[in-house]
Amino acid sequence: MTLDEALALVREEFLRATKKHPGSFNSSHEGWAVIWEELDEMWDEVRANNREGQRHEVVQVGAMAVRYLVDL
């Protein structure tokens, strides 16, 4: 996967998530908690050695990190 392809996936997930949950995080704590939850889900996929699941979750981690940055 190229950098452009990876960033496109993160962008697509960011747009999907913000459409589903409009507005900003209510606080920095909420932003942190959402990212932590996604990381925890990614860790489950890592332990299961599920590469497709890992890709899905790491895209969500990236999208929520971008959302946090935008909300700052």
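Criterion first (among the aromatic types (F, W, Y), under 11 Å from the mean Cα position of the chain (by Cα) and modelled with pLDDT of 95 or more) does W36 satisfy it?
Yes, satisfied.
Return the total of residues in the range 50-66 being surrounded by fewer than 20 Cβ atoms within 10 Å (Cβ to Cβ) and not β-branched (V, I, T).
Result for the range 50-66: 9.
Yes or no: the range 1-17 includes at least one residue that is of a type in the set (A, V, I, L, M), over 12 Å from the mean Cα position of the chain (by Cα) and open to solvent by 80 Å² or more (accessible area, probe 1.4 Å).
Yes, there is a match, as at least one residue in the range 1-17 is of a type in the set (A, V, I, L, M), over 12 Å from the mean Cα position of the chain (by Cα) and open to solvent by 80 Å² or more (accessible area, probe 1.4 Å).
Give, as residue ranges, the helices (runs of 4 or more DSSP H) completely inside the chain that count at least 2 residues that are at negative phi and in contact with a Phe, Trp or Tyr (Cβ under 7 Å, 6 or more places away or on another chain).
Working: elements: 3-20, 28-47, 51-71.
Fully inside the chain and qualifying: 28-47, 51-71.
The values are calculated or read from the model by the stated rules, or taken from the named source; none is laboratory data. Keep in mind that this is a model prediction, so the values were computed, not measured. Reconstructed Cβ throughout: ideal geometry from the backbone, glycine too, with neighbour counts over all protein chains shown. Accessible surface areas use protein heavy atoms only, side chains included; no ligands, DNA or RNA. Shrake-Rupley method; radii C 1.70, N 1.55, O 1.52, S 1.80 Å.
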